[in-house]
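Peer 1: Just dropping this structure here.
The values are calculated or read from the model by the stated rules, or taken from the named source; none is laboratory data. As the structure is a computational prediction, the values presented were derived from the model and not from experiment. Cβ placement follows ideal geometry from the backbone for every residue including glycine, while neighbour counts extend to all protein chains displayed.
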Amino acid sequence: GNSVTQMEGPVTLSEEAFLTINCTYTATGYPSLFWYVQYPGEGLQLLLKATKADDKGSNKGFEATYRKETTSFHLEKGSVQVSDSAVYFCALPTGTSYGKLTFGQGTILTVHP
Amino acid sequence: DAGVTQSPTHLIKTRGQQVTLRCSPKSGHDTVSWYQQALGQGPQFIFQYYEEEERQRGNFPDRFSGHQFPNYSSELNVNALLLGDSALYLCASSLAQGVGETQYFGPGTRLLVL
């Protein structure tokens, strides 16, 4: 079945540093790919998504490009802020029906002033 | 536009008890999925409800059951609670239009089993 692998964390950065969180996937066909973010003590929020190969999803300064050649969907941000401190999850649909998501293990990001 | 809401926010139970968690989907959504997120882990799919029926299920025992009401809201029931059931339970709603349809998550219910 479909699966995702995220880079091992945690990631600690200084404010305004460049961020990359790696995500690679294994899938049948070309499913949509998602990044979700979880702030401390909260549920998951959709950060961005891409629905087909070569698509770039973007939101709040974050970007990720759906690359079928490398089966990757790496999350990037040019200049992180303290408020970006959270856990980031890569996800894709799995199963035979709708809406069942498989998540990566999550990457904890801490940004210091 | 109200997003996904869940109740209660926190719950403490003892082993062997039963618990019911509730979810109201985002306005206009007809499909509800439940996930369990253990501490430090990614969410794990429990099951999904559409048209008041369980449409697919993850690798969870029969102690986990659910229900969907005509207004699309949903309940998750867990019987004979174990310590290992302590987790954040997340509800997600979506439209039943495709495998890639975006899931919108609620804030979760944090369950502690003592």
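Peer 1: Kindly list the number of the only condition in (1) among the hydrophobic types (A, V, I, L, M, F, W, C); (2) out of contact with any Phe, Trp or Tyr (no Cβ under 6 Å at 6 or more places or on another chain); (3) more than 10 Å from every other protein chain (Cβ to nearest Cβ) that fails for A:Leu101.
Peer 2: Against the list (1) among the hydrophobic types (A, V, I, L, M, F, W, C); (2) out of contact with any Phe, Trp or Tyr (no Cβ under 6 Å at 6 or more places or on another chain); (3) more than 10 Å from every other protein chain (Cβ to nearest Cβ), A:Leu101 comes up short only on (3).
Peer 1: Further, regarding this structure: Could you tell me which numbered condition B:Asp30 fails, if it satisfies all but one of (1) within 9 Å of chain A (Cβ to nearest Cβ); (2) under 28 Å from A:Tyr66 (Cβ atoms); (3) within 15 Å of the chain's Cα centre (by Cα)?
Peer 2: Here B:Asp30 clears every test but (1).
Peer 1: Hey, any hits in region A:4-16 for a residue that's among the hydroxyl-bearing types (Ser, Thr, Tyr), farther than 24 Å from B:Ser33 by Cα, in contact with a Phe, Trp or Tyr (Cβ under 6 Å, 6 or more places away or on another chain) and in contact (Cβ under 8 Å) with a residue 40 or more places away in the chain?
Peer 2: no
Peer 1: Another question, then. Let me spell it out: the conditions are (1) closer than 20 Å to B:Trp34 by Cα; (2) at pLDDT 95 or above; (3) among the charged types (D, E, K, R), and A:Glu42 meets all of them except one. Which number is the exception?
Peer 2: Just one mismatch for A:Glu42, condition (2).
Peer 1: Could you check B:Ser27 against (1) modelled with pLDDT of 95 or more; (2) of a type in the set (Ser, Thr, Tyr); (3) not in a strand (DSSP E or B) and say which number it fails?
Peer 2: The failed condition is (1).
Peer 1: From the list B:Gln18, B:Gln41, pick out the single residue that is among the polar types (S, T, N, Q) and within 19 Å of B:Leu114 (Cα to Cα).
Peer 2: Criteria check complete, one pass: B:Gln18.
Peer 1: Now, a different point. Scan region B:61-112 residue by residue and report those that are acidic (Asp, Glu) and away from every other protein chain (no Cβ under 13 Å).
Peer 2: B:Asp62, B:Glu75, B:Asp85
Peer 1: Could you tell me whether B:Leu88 is closer than 20 Å to B:Gln17 by Cα and surrounded by fewer than 19 Cβ atoms within 10 Å (Cβ to Cβ)?
Peer 2: no
Peer 1: Just for region A:21-41: of the residues that are in contact with a Leu (Cβ under 7 Å, 6 or more places away or on another chain) and without any contact (Cβ under 8 Å) to a residue 60 or more places away in the chain, which one is farthest from A:Thr70 (Cα to Cα)?
Peer 2: The residue in question is A:Val37.
Peer 1: With the requirement that a residue be surrounded by fewer than 18 Cβ atoms within 10 Å (Cβ to Cβ) and within 16 Å of B:Tyr35 (Cβ to Cβ), what does region B:65-81 give you?
Peer 2: Answer for region B:65-81, where residues must be surrounded by fewer than 18 Cβ atoms within 10 Å (Cβ to Cβ) and within 16 Å of B:Tyr35 (Cβ to Cβ): B:Ser65, B:Glu75, B:Asn77.
Peer 1: Does B:Arg15 satisfy being farther than 25 Å from A:Gln105 by Cβ and more than 14 Å from the chain's Cα centre (by Cα)?
Peer 2: In short, yes.
Peer 1: Of everything in region B:33-45 that's surrounded by 13 or more Cβ atoms within 10 Å (Cβ to Cβ) and more than 10 Å from every other protein chain (Cβ to nearest Cβ), which residue is nearest to B:Gln68 (Cα to Cα)?
Peer 2: Within region B:33-45, the match that is nearest to B:Gln68 (Cα to Cα) is B:Trp34.
Peer 1: Identify the residue in region A:52-75 that is among the acidic types (Asp, Glu) and surrounded by 15 or more Cβ atoms within 10 Å (Cβ to Cβ) and, among all such residues, is modelled with the lowest pLDDT.
Peer 2: A:Asp55
Peer 1: Taking region A:24-40, which residues are surrounded by 13 or more Cβ atoms within 10 Å (Cβ to Cβ) and within 12 Å of chain B (Cβ to nearest Cβ)?
Peer 2: Passing the criteria: A:Ala27, A:Tyr30, A:Pro31, A:Ser32, A:Leu33, A:Phe34, A:Trp35, A:Tyr36, A:Val37, A:Gln38, A:Tyr39.
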